[in-house]
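The values are calculated or read from the model by the stated rules, or taken from the named source; none is laboratory data. On a predicted model such as this, the values are computed, not experimentally measured, just so you know. Don't worry about glycine lacking a Cβ; one is built from the backbone with ideal geometry, like all the others, and counts go over all protein chains shown.
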Amino acid sequence: MKKAKIFLMVNLMVVFTASVAYADAWDNAQRFLSDTSGKLVAMSTLAAGIAVAIGGLMVKFSFGDEQKIKTGKKLIWNTFVIWAIINGTTLILNTIAPYLH
């Protein structure tokens, strides 16, 4: 029973001091999310543009080969899906970032 009381007291001390000790960590997390999300959107847009251009060139220069046409169209479609997922994730992160404080 004595061990349980000591364990409970130590845990309560950790919980009550954690809010003070990690206050700066929340500010850092919020800044990190806002900085990273802008860079992630820029990089994903650039990569998506390159991938769509490559997919378009694959379709354009397939010379009637159905497999190359399918591969090019699949690359374009998958690029749009992944780009939407990445931008949706950054939208969610930017939405919840102000509430982390």
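Table for the structure above
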item: THR89 being exposed (fewer than 14 other Cβ atoms within 10 Å of the Cβ), under 28 Å from ASP27 (Cβ atoms) and among the polar types (S, T, N, Q); result: no
item: Close pairs (9 angstrom Cβ cut-off, 6 or more residues apart or separate chains): part of a loop (DSSP other than H, G, I, E, B) in segment 61-77, surrounded by 12 or more Cβ atoms within 10 Å (Cβ to Cβ) and among the β-branched types (Val, Ile, Thr) anywhere; result: SER62/ILE69; SER62/THR71
item: Odd one out for LEU33 among (1) free of Cβ contacts under 8 Å to residues at least 40 places away in the same chain; (2) assigned to a helix (DSSP H, G or I); result: (1)
item: Number of positions in segment 57-101 that are of a type in the set (Phe, Trp, Tyr) and over 25 Å from the mean Cα position of the chain (by Cα); result: 2
item: Hits in segment 46-101 (condition: at pLDDT below 90 and polar (S, T, N, Q)); result: SER62, ASN87, THR89, THR90, ASN94, THR95
item: Filtered residues of segment 12-41 (kept if of a type in the set (Gly, Ala, Ser) and modelled with pLDDT of 70 or more); result: ALA29, SER34, SER37, GLY38
item: Flag for GLY49 being in a loop (DSSP other than H, G, I, E, B) and of a type in the set (Gly, Ala, Ser); result: no
